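Down below is the structure, laid out as structure tokens.
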Amino acid sequence: MKPVFVSFFTLLVLVFTVAAKEPSKGLTCDQEKTLVAPCVDFLTKKTDTPATPCCEGLKKIIESSPTKKEKKAACKCLKEAASQVPNLDKDRANNLCKTCKITVDFLFSKNFECEKL
């Protein structure tokens, strides 16, 4: 496992608020972070396209977050996760759902503005 994944998962747990830890339907924040872990290489420009498990993980999170409250919780969880990734490319993060050909784009709203969902 690459060092970036170690810091990605270790540091996230330390700073979550109650809202950020609120699980979406059937998924905890930790499960959501695990589902998007395959996206890190793409989001840090180590690869040109997101891995298939990255896009599949995003789809699973979206399917598990049908309500506005669940969408906000997932967004906040992933926003916090993204803040712990060194060299994260915000343009790639903002366009990840589009790059994965996912029509719902609430997870990485423009500049991670979760409250505006």
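The values are calculated or read from the model by the stated rules, or taken from the named source; none is laboratory data. Predicted model only: the values in this text are computed from it and were never measured. Just the protein is used for accessible areas: all its heavy atoms, side chains included, with ligands, DNA and RNA removed. Shrake-Rupley method; radii C 1.70, N 1.55, O 1.52, S 1.80 Å.
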With every protein chain in place, what's the accessible area of THR34 (1.4 Å probe, Å², nearest 10)? 80 Å²
Segment ILE102-THR67, extension gain: residue separation times 0.36 nm, minus the distance between their alpha carbons: 10.9 nm
Residue separation between LYS59 and LYS116 times 0.36 nm, minus their alpha-carbon distance, gives in nm 18.4 nm
With 0.36 nm assigned to each residue of separation and the Cα-Cα distance removed, LYS90 to THR44 gains 15.6 nm
Reported to the nearest 10 Å², LEU35 has, with a 1.4 Å probe, an accessible area equal to 40 Å²
